[in-house]
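I have placed the structure first, in the form of structure tokens, so that the comments after it can refer back to it.
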Amino acid sequence: MKIAIYPGSFNPITFGHIDIIERAVTLFDEVIVAVSKNTDKSPLFNEKERCEMIKMSVKHLDNVRVDSFEGLTVKYADFVKAKAVIRGLRALSDFEFEFKMALMNRSLNESVTTVFMMPDARYTHVSSSLVREVASLKGDVSQLVPVLVAKKLIEIFPLD
Ligand code: ADP
């Protein structure tokens, strides 16, 4: 059984994340989307809301599980018996951080491999932080996130 984890903040999940998950499920028997609890102290969505939005967004995929974790990613990978950590790579800006993190994780646990995937070109500019910013300025995010996420954002930032 090939298990991979896809860790991240997912605050909130976007079409970019979903694109990566849809690619990952074709390569692994099970993909665990792992919401990290150790993000900033006042996230727009709490961990439960983030997990709930992911669950609704990946309903169409049957080898995906949603979980949350805290602490080292590689420790969590061991805990769930995953041999791969999936990360998405957008433009060059992701590379330096992801490169360092992948090598650090390897030095912490040789048996876990980081696998990078690139999303469809339509999503290379999409990030959760940009989505939050656009929504807070009452811009249209319907091309960037699933309808259920867009609705949640409008509840927080009502349109005029
Ligand atoms: P983190 O705080 O761990 O970076 P994110 O939720 O921002 O959490 O991202 C989780 C993973 O998904 C990261 O590997 C990130 O590069 C990737 N990712 C985020 N947005 C996109 C996107 N639009 N296309 C592809 N990968 C993405």
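Here, each number is a calculation from the coordinates, and none is a lab measurement. Quantities reported herein were computed from a predicted structural model and do not represent experimental measurements. Note that each Cβ is placed from the backbone with ideal geometry, even for glycine, and that neighbours are counted across all protein chains shown.
Quick notes on this one:
- When the helices of the chain are scored as -39500 (n - 2.57) per DSSP H run of n ≥ 4 and the total is divided over every residue, the value at 222 nm lands at -12000 deg cm²/dmol.
- Stretch gain in nm, segment residue 2-residue 91, where the contour uses 0.36 nm per residue and the Cα spacing is subtracted: 29.2 nm
- In the elastic network of the chain, a GNM with C-alpha springs shorter than 10 Å, the most mobile of 28, 99, 116 is 99.
- For a straight C-alpha distance cut-off of 20 angstrom, the aspartates and glutamates reachable from residue 138 (same-chain residues fewer than eight places away being disregarded) are 155, 160.
- Positive-end residue of 64, 44, 25, charge dipole of the stretch 18-93 with Cβ unit charges: 44
- Listed residue (129, 112, 97) projecting farthest to the positive dipole end of the stretch 94-140, Cβ model: 129
- As a size descriptor, the averaged projected area of the C-alpha convex hull of the chain was calculated at 9.1 nm².
- DSSP H segments from the chain that extend 18 Å or more along their own axis, Cα-based, with Kyte-Doolittle mean of -1.0 or above: 92-108
- On the beta carbon distance between residue 60 and residue 151, with R0 = 22 Å, the FRET formula returns roughly 0.75.
- Geometric descriptor of the stretch 66-160, per residue, is 125 Å³ (volume of the convex hull of the Cα atoms).
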